[in-house]
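To keep things clear, I will list the structure first and then write my remarks on it.
The values are calculated or read from the model by the stated rules, or taken from the named source; none is laboratory data. Please read these numbers as outputs of a predicted model, since none were measured by experiment. When we count neighbours, we look across all protein chains shown, and the Cβ atoms used for this are built from the backbone with ideal geometry, even at glycine. The protein model used for the area step is the full one, side chains on, heavy atoms only, and it has no ligands, DNA or RNA in it. Shrake-Rupley method; radii C 1.70, N 1.55, O 1.52, S 1.80 Å.
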Amino acid sequence: MSAAPVPPADAVPERILRELGRTEGGDEALALLVRDQHTRRLLLLRALLDAAEAGPPDPRRLPPGALARLRENWSLLEAAERADRTAVRTVLLYPLAGPWAERCLRGLTTPAAGPHLRHDLDHFGALAAVAALRARLPFHARLAAHDGLLALPGLGALRTGPGSRAPVPVDLSFDGTDLTLRQGGVRPVSVLVHERLPHGTCSGDRRWQPVRTLPALLPGATPVVLDDVDPHRTAGTGLERHGLSAATRLDDDALAAWERSWAGVEPLLRIGGAHRAQEAAALLRCLVPLSPPPGSSPTGDGPAHCSGTRREAFGAVLSSRPATPAFLASTLVHELQHAKLAALAALTPLHHEDATPRHFAPWRPDPRPFDGLLQGAYSHLALADYWQRFALGADRPAHRDPAWAEHARCREQVGAVLPVLAGSGALTTEGRTLVNEMIAVYHRLAESPPPPGQLARAAAYVRTARTIWCQRNGA
């Protein structure tokens, strides 16, 4: 498996920087970001194998037999790629394979292996097996279930019983259509695997838990995986530090609620501009459902929704289920801006500010580093644009008034931090281009102002947030 080198910083044309600075981005811009992120993923996987092969096996770094199993799994992966390169790349570029690969590489390159290294190395076997499944390559393999679960990324998971400290061996056999999973002394589980099935797999055995998929947003786009199975979907995120809830498993009612919200998303994204549906179709590959946020309750007290992205999981959005399709659409607008800006920053540096948390951001109670301030302003600017278009296109006050309120709040929040961004002497040339375009969009939004009452309430909201922030953190 080979990958092209990462493009140099000057590979981002100015017209694309300007598009992205407007929180937009056409086919060329989105393809550039996706292509670079995919190249980085392939290089990361190559680095993982090189790290495992480097030097003599150290039992503190590599569990006994792990290197031999890794080589076997790599051989299966290469055979699958020869059979169907496109199908295998889909597996390797699955968003949640990123967090696993980074954690695995850290475990291999530190002096002593971390507690999860054995589990992480075993997961590579599952990745190779799914690659062979997708490539329709018959194979036999022995994998290991951990904590009562054998997860096949992007496909589903086998429940092997109550979790135990020791890995549980599971033998897999695939004949090109049917997958059989055998656990010693237990009745085998048969799974039909076919891309035309509603969720890619089907089994009459309740021990098999398929990963669900949501229909593609646009014709020709890729369906979106609703992944409540992958063991690495929130590993290492520190969810609680970011106000996020834990990952959750979906029952039938929760799945139906997600599907209802998803069914209404595409036309609502288009209300916010055709480019919103386009960027979601191009970037979003996976939704990770979260439980309701900390402090929420059935009575409506506390936050109603939480969401986030992971830089190492490009193409994935973590989210509790929003109350309405409109808020699911706005969640995608918000979070995909983070994905776009992080991918752009990986291509070309946008600033040279340090990571000290010192700045006021109206959307957070704690001080933010400059990069966090830029990320937040960028995503809230896109939201202000989205909700303004939504309000202008709404035909009923019941829809229009809440949209104006969201627009006014987001625009006032952005206006409170743009001077800090614009005044930074540490912006690169590319970063200056980006921020200048953001400023232009901010002023353009003023051409269609919200009702005066909405604007006054939003301004008061930001003033109050600043006062509380200063009381808590100092001027």
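Compute the length gained on full extension between Cys202 and Leu392: take 0.36 nm times their separation in residues and subtract their Cα-Cα distance, giving the result in nm to one decimal.
63.9 nm
Running Debye on segment 65-111 with equal point scatterers at the Cα sites and no solvent, what base-10 log of I(q)/I(0) appears at q = 0.21, 0.26 Å⁻¹?
Computed log10 I(q)/I(0) values: -0.87, -1.04.
Between Thr222 and Thr39, what length in nm is gained on full extension when 0.36 nm per residue of separation is reduced by their alpha carbon distance? Provide the component values of the computation, followed by the final result.
Working: separation 183, 0.36 × 183 = 65.88 nm, distance 1.91 nm.
Difference between extended and current length: 64.0 nm.
Using all alpha carbons of the chain, what is the percent of pairwise distances in each 20 Å bin, ordered from the shortest bin to the longest?
22, 54, 22, 1
Report the extension gain between Thr324 and Ala263 in nm, rounded to one decimal, defined as 0.36 nm multiplied by the number of residues separating them, less their alpha carbon distance.
Contour length minus Cα-Cα distance gives 20.9 nm.
Set the Förster distance to 30 Å, then compute FRET efficiency between Arg187 and Asp251 from the Cβ-Cβ distance, nearest 0.05. If you can, show how the numbers build up before the last one.
Working: r = 25 Å, r/R0 = 0.82.
The computed FRET efficiency comes out at 0.75.
Separation between the Asp147 and Thr467 pseudo-spin-labels, each 7 Å from Cα along Cα→Cβ, expressed in nm?
4.5 nm
Which residues' amide hydrogens lie under 5 Å from the amide hydrogen of Val224, considering only partners 5 or more residues apart or on another chain, with H built in the peptide plane?
For Val224, the qualifying residues are Leu214, Ala216.
Rounding to the nearest 20 debye, state how big the charge dipole of segment 62-133 is about its Cα centre with +1 on each Lys and Arg Cβ and -1 on each Asp and Glu Cβ. Please list the in-between numbers first.
Details: 8 positive and 7 negative charges, 18 e Å.
With Lys and Arg at +1 and Asp and Glu at -1, about 80 debye.
At 4 °C and 1.567 mPa s, grab the translational diffusion coefficient of segment 122-178 from Stokes-Einstein with a Kirkwood Rh over Cα pairs, rounded to a whole number in µm² per second. Intermediate values should be presented prior to the final figure.
Numbers: Rh = 11.5 Å.
The estimated diffusion coefficient comes to 112 µm²/s.
Rounded to the nearest 0.05, what FRET efficiency do Arg165 and Thr429 have when you use their Cβ-Cβ distance and R0 = 45 Å? Write down the numbers at each step before the final one.
Working: r = 54 Å, r/R0 = 1.20.
My answer for the efficiency is 0.25.
For segment 165-296, take the alpha-carbon Rg, divide it by the Kirkwood Rh, and send me Rg/Rh. Intermediate values should be presented prior to the final figure.
Details: Rg = 17.9 Å, Rh = 17.4 Å.
Ratio of gyration radius to Kirkwood radius for segment 165-296: 1.03.
Over the chain, average the accessible area per residue using a 1.4 Å probe and give it in Å², no decimals. Provide the component values of the computation, followed by the final result.
On the way: 20700 Å² over 475 residues.
For the chain, the per-residue accessible area is 44 Å².
Work out from phi, with θ = phi - 60° and the Karplus expression 6.51 cos²θ - 1.76 cosθ + 1.60, the ³J(HN,Hα) of each residue of segment 148-162, listed in order in whole Hz, and give x for Gly and Pro.
Values, residue by residue: x, 9, 10, 9, 10, x, x, 10, x, 8, 9, 7, 9, x, x Hz.
Taking H as built 1.01 Å from N, whose amide H comes closer than 5 Å to the amide H of Thr160, not counting residues under 5 places away?
Answer set, sorted by chain and number: Leu149, Leu150.
In whole Hz, what ³J(HN,Hα) sequence does segment 41-54 give by Karplus (6.51, -1.76, 1.60; θ = phi - 60°), x for Gly and Pro?
Result, rounded to whole Hz: 5, 5, 5, 5, 5, 5, 5, 4, 5, 4, 5, 5, 7, 5.
Compute log10 of I(q)/I(0) for segment 393-472 with the Debye formula, placing one identical point scatterer on every Cα and leaving out solvent, at q = 0.11, 0.22, 0.25 Å⁻¹, to two decimals.
-0.38, -1.03, -1.14
Leaving out ligands, DNA and RNA, what percent of the accessible area of the chain is carbon and sulfur, probe 1.4 Å? If you can, show how the numbers build up before the last one.
Working: 11280 of 20700 Å².
Ligands and nucleic acids excluded, carbon and sulfur reach 54 percent.
For the modelled label position 7 Å from the Cα of Thr109 along Cα-to-Cβ, which residues of segment 317-358 have backbone nitrogen atoms closer than 18 Å?
346-347
Mind checking the angle between helix 325-347 and the chain's longest principal axis? C-alpha axes, 0 to 90 degrees, to the nearest 10.
Long axis of 325-347 versus the principal axis of the chain: about 80 degrees.
Pull up all non-local amide H partners of Ala145: gap of 5 or more, or a different chain, and H-to-H distance under 5 Å with H placed in the peptide plane.
Val168, Val170
For the chain, what is the calculated [θ] at 222 nm in deg cm²/dmol (nearest 500), taking -39500 (n - 2.57) for each run of four or more DSSP H residues and dividing by its residue count?
Numbers: 14 runs with 233 residues, N = 475.
Roughly -16500 deg cm²/dmol at 222 nm, from the helical runs in the chain.
Note the angle between two axes, namely the Cα long axis of helix 66-83 and the longest principal axis of the Cα atoms of the chain, as a number of degrees from 0 to 90, rounded to the nearest 10.
Between helix and principal axis, roughly 80 degrees.
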